[in-house]
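Worksheet: one structure, shown below.
The numbers here are math on the coordinates, done by the rules we state, and not lab data. If you're wondering where the values come from, they're calculated on a predicted model, not measured in any experiment. Don't worry about glycine lacking a Cβ; one is built from the backbone with ideal geometry, like all the others, and counts go over all protein chains shown.
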Amino acid sequence: MTRATRNRLLLTAVAAAGVLLPDQVALDRRSPFLELVAWRPHIGLVAATAAAGLAVHRRLRPVGAVVVSTALAGTAGAVRRSVARTLPEPGPDDVTILNLNVLRGGADAGALARLVACEAPDLVVLIESGPVFRTRLMPLVETLGYRSWVSTEEGVKESRGITLLAAPRAGDLQVRQGQAMQCRHLHVTRGLLGEHELYAAHVTAPRSRRQRAAWRDDLAVLGGWCHGRPPPIVVGDLNATLDHSALRRALGGCRSAGAGAGCGLVGTYPASLPRWSGIQIDHVLVPVGTTTTRFAVLDVDGTDHRAVLVRLRLAARSAALACASSGASGQSSAPHPQAGNATKADRSGSTQCLWNRVRNALGTRGMPPL
């Protein structure tokens, strides 16, 4: 092998590693590596395809081999996330959570209400939703028994807010507002959650130098939550994929609820792209040991994100069920004064969703869930 060939291989290896493996040395904390890592599965596929083309030329085969090897190393984690295993059958005691970024309150409230009526989630986390969007949404679900809280006051931009909806079955929740991140978050305890805590959060989008610093700070806050004991549930738009080292470090005792569901490469953003070509930045993180019985990515009109729906079987459910049963009357325990007034509902939907409506109706009367 000549010196020129060795130099060419070395430069190729360095360039390929810079594009496909920057997270291994924490370069993905800064632009442009941060953006490259977000799209690494796609870049890896393009690189492997290009390397296969290089194999046609004998002199370029070593270069192609280097590129393919780096692409395989960089995308190994993504490949694992795309492998599905058989999930356990859903059970009546599972907790269902819906997570959606509603694009500054611009999502189609009617479409979202129909989705809520059909899936009957116990908890709904709506990112970029303030008092204005909540006011539009709640009349459409006012017969479903849902209560709602919002993290921001009137006059604050919708993009800074988070709205939480809770079904009657969620029981006597305690909801507090927090300001540890750039956008206010909601901290949820008690009720159906039992001994568990839930954080509804929106991590800063890393578009500028200042925002990238805020992105790192927000993920550090998330890491503090997830390294706690016991680890919480974290729901929201985290503006990071599991290829980002900052998010992986933050996981602590948590994991993605989608692990093993085979949907790890289904894009939640941007919704304008096909599912296979987007990136997954909307997450539900759960304590290790939690069982996922369903994981789905769903389309909702009017927003640039897709919704994530999960069904979870939490540990220590006996305490949670006792709390949920005692609080199933649909009344909420004194929320934070700025978290918004609770509202009630129960609405009829399509016959396809009859089971979910019956389950919520029974919950409103304080009866145990079916």
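Just to confirm the filter: which GluC sites (Glu not before Pro) across the range 151-253 are DSSP coil and have at most 11 other Cβ within 10 angstrom of their Cβ? Passing sites in the range 151-253 are Glu154. In terms of surrounding Cβ atoms within a 10 Å radius of their Cβ, Glu128, Glu142 rank from fewest to most as Glu142, Glu128. Applying 1/(1 + (r/R0)^6) with R0 = 30 Å to the Cβ-Cβ distance of Arg216 and Ser277 gives a FRET efficiency near 0.65. With each pseudo-label sitting 7 Å past Cα toward Cβ, what's the Arg209-Val83 distance in nm, one decimal? About 4.3 nm separates the two model spin labels. Which distance in nm do the two modelled labels at Glu142 and Arg176 give, with both placed 7 Å along the Cα-to-Cβ direction? Each label point is offset 7 Å from its Cα along the Cβ direction, giving 3.3 nm. Sparsely packed loop sites in the range 123-196 (the chymotrypsin sites (Phe, Trp or Tyr not before Pro) outside DSSP H, G, I, E and B with at most 13 other Cβ atoms within 10 Å) do not occur. Computed over Cα pairs, the Kirkwood radius of the range 223-306 leads via Stokes-Einstein (0.692 mPa s, 37 °C) to a diffusion coefficient of 247 µm² per second. Neighbour counts of other Cβ atoms within 10 Å put Leu27, Leu265, Leu137 in the fewest-to-most order Leu27, Leu265, Leu137. Over the range 84-186, the alpha carbon radius of gyration divided by the compact-protein estimate 2.2 N^0.38 Å works out to 1.11.
With neighbours defined as other Cβ atoms within 10 Å of a residue's Cβ, the residues Asp299, Asp122 order from fewest to most as Asp299, Asp122.
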